[in-house]
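Trainee: Sharing a structure, written as structure tokens. Questions coming.
The values are calculated or read from the model by the stated rules, or taken from the named source; none is laboratory data. Note that the coordinates shown come from a computational prediction; the quantities given were computed from them, not determined experimentally. Every residue, glycine as well, gets a Cβ built from its backbone with ideal geometry; the counts of neighbours run over all protein chains shown. Surface accessibility is based on the protein's heavy atoms, side chains included, excluding ligands, DNA and RNA. Shrake-Rupley method; radii C 1.70, N 1.55, O 1.52, S 1.80 Å.
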Amino acid sequence: MQTLAVEDEDVAAYDAIILTEVLEHLPDADAFFANIIKRMRPGSWMILTIPNGRGICELILRPGYYLKSRGKGLAMIKTIRRILGTRELTTANVQTPHLQFFTWKRINKLFERNPIRLVSFQGLFFTWVLLEPLFSAGRLPESMARWDYLLSQKLPPIFSANWLFLLQKS
């Protein structure tokens, strides 16, 4: 498989760009986003997902990001996972920690600063990021996931664990 740098990619050649769970891992997410948008063809689409940097899940998991960067902290997390019989609570790891924690205000300002139009938004889940490892281990019924998703649809966006945006280049 060949890996290309984004700077080498002809972004305008695509009808749609998908950035899912990317921006929070970049040291300069705003510049990266602006660079992609600038090179997109007018009328093309972007699907963007990011975690709510002030959502309950991010706030609870944030100490884990710190612990994983420390030898003893990482060992402690592995021990807790082994005792609970669950897999990782978050995809964040030592190599790809969350560097950005987007707020509702910040992400909307990012859209305003770039020639992009918000077409659709959906909040995704409330506490699912915390429950998913237990569900995967067979310790919670699937109905809990559905309940959590439906709850997130009734709450204001600031309470969603993740945000999904459909954007169109102006």
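Trainee: What number of residues within region 33-58 satisfy the criterion of being aromatic (Phe, Trp, Tyr) and surrounded by 21 or more Cβ atoms within 10 Å (Cβ to Cβ)?
Mentor: 1
Trainee: Ok, one more. Of everything in region 1-54, what is part of a strand (DSSP E or B) and of a type in the set (S, T, N, Q)? Give them in sequence order.
Mentor: Of everything in region 1-54, those that are part of a strand (DSSP E or B) and of a type in the set (S, T, N, Q) turn out to be Thr20, Thr49.
Trainee: Related question: Suppose we filter region 147-170 for residues that are open to solvent by less than 50 Å² (accessible area, probe 1.4 Å), closer than 16 Å to Arg106 by Cβ and part of a helix (DSSP H, G or I); how many remain?
Mentor: So the answer is 1.
Trainee: Next question, about the same structure. Residue under question is Ser136, and the condition is that it be in contact (Cβ under 8 Å) with a residue 24 or more places away in the chain, within 30 Å of Met40 (Cβ to Cβ) and among the hydroxyl-bearing types (Ser, Thr, Tyr); does it hold?
Mentor: Considered against the rule, which asks whether it is in contact (Cβ under 8 Å) with a residue 24 or more places away in the chain, within 30 Å of Met40 (Cβ to Cβ) and among the hydroxyl-bearing types (Ser, Thr, Tyr), Ser136 comes out as no.
Trainee: Among the residues of region 76-106, which ones are open to solvent by 50 Å² or more (accessible area, probe 1.4 Å), modelled with pLDDT under 75, hydrophobic (A, V, I, L, M, F, W, C) and in a helix (DSSP H, G or I)?
Mentor: Passing the criteria: Met76, Ile80, Leu84.
Trainee: Name the single residue that is farthest from the chain's Cα centre (by Cα) among those in region 107-146 being in a helix (DSSP H, G or I), among the charged types (D, E, K, R) and surrounded by fewer than 16 Cβ atoms within 10 Å (Cβ to Cβ).
Mentor: Glu142
Trainee: Okay, next question. With respect to the numbered conditions (1) among the charged types (D, E, K, R); (2) open to solvent by less than 80 Å² (accessible area, probe 1.4 Å); (3) over 17 Å from Leu99 (Cα atoms); (4) modelled with pLDDT under 95, which one is the sole condition not fulfilled by Glu7?
Mentor: (2) is the only condition that Glu7 fails.
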